[in-house]
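Undergrad: Before I ask anything, let me first share the structure, which is written out below as structure tokens.
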Amino acid sequence: MGTEDGQMTMLIIGFVMLALLVSTVVMAASSLYIGHKKLLSLADGASMAAAGSYTLGQVETAGGVPTAVLSGDRIRNVAGDYLTRTGAFGRFDGLAVSAATGSPDGSTAVVVLTAVVHPPVVNFLVPDGIRIEAASTARSRLTR
């Protein structure tokens with residue numbers, strides 16, 4: 001009966017270790033997911049602010065309709081100002097506006113943000129954290 005008790009103890013210890021490992025992986029994955037969703041929400045706000053910073057384009061004909069024109073530099077500046085105003089640099093580690101931020105067609109604001117997430121418990125395995133990226137687009141359109 002003594003050997004069975006020892007085997008049962010080892011089996012219980014093994015199951016506890018497995019449960020702790022699974023819990024740690026789930027916590028790390030959840031931390032990454034939540035960090036990405038927060039960064040995506042921030043990118044959405046920055047792209048909306050950038051889309052609202054358009055300038056009026058040239059009107060070709062006398063009865064023509066003016067168009068909203070966005071420039072890449074202006075989008076990057078407005079996105080950076082938005083992040084500063086909302087205090088995002090204090091909430092995210094390594095937050096930056098990516099070089100991919102800009103306007104591919106002159107009327108769409110594309111904001112790409114990067115940040116670093118530090119998952120709990122496994123932080124000693126990745127001391128520099130895990131870099132995440134979130135992109136959001138918003139379009140400027142003038143209507144009457």
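Undergrad: Only one of Thr67, Thr86 is at pLDDT below 90 and either out of contact with any His (no Cβ under 8 Å at 6 or more places or on another chain) or not polar (S, T, N, Q) (or both); which? Break it down into steps so the answer makes sense when it comes.
TA: Details: Thr86 fails: at pLDDT below 90.
Going through Thr67, Thr86 in turn, just one is at pLDDT below 90 and either out of contact with any His (no Cβ under 8 Å at 6 or more places or on another chain) or not polar (S, T, N, Q) (or both): Thr67.
Undergrad: Being in a strand (DSSP E or B) and touching a helix residue (DSSP H, G or I) at 6+ places or on another chain (Cβ under 6 Å) is the filter; apply it to the stretch 107-129 and report the residue that is farthest from Ser47 (Cα to Cα).
TA: Val117
Undergrad: Okay, next question. Please name all residue pairs, on different chains or six or more residues apart, with Cβ atoms under 9 Å, provided the first residue is in the stretch 76-92 and is closer than 17 Å to Ala109 by Cβ and the second residue is of a type in the set (Gly, Ala, Ser) and surrounded by fewer than 14 Cβ atoms within 10 Å (Cβ to Cβ).
TA: Between residues of the stretch 76-92 that are closer than 17 Å to Ala109 by Cβ and residues that are of a type in the set (Gly, Ala, Ser) and surrounded by fewer than 14 Cβ atoms within 10 Å (Cβ to Cβ), the close pairs are Arg76/Ala99; Val78/Gly52.
Undergrad: Among the candidates Pro104, Pro66, single out the residue that is assigned to a loop (DSSP other than H, G, I, E, B), of a type outside the set (A, V, I, L, M, F, W, C) and either on the phi > 0 side of the Ramachandran plot or touching a residue at least 60 places away in the same chain (Cβ under 8 Å) (or both).
TA: Pro66
Undergrad: Which one is surrounded by the fewest Cβ atoms within 10 Å (Cβ to Cβ), of the residues in the stretch 70-123 that are closer than 30 Å to Val25 by Cβ and among the hydroxyl-bearing types (Ser, Thr, Tyr)?
TA: Per the stated criteria, the residue is Ser98.
The values are calculated or read from the model by the stated rules, or taken from the named source; none is laboratory data. This one's a predicted model, so the numbers in the text were calculated from it and none came from an experiment. Note: ideal-geometry Cβ built from the backbone for every residue, glycine included; neighbour counts use all protein chains shown.
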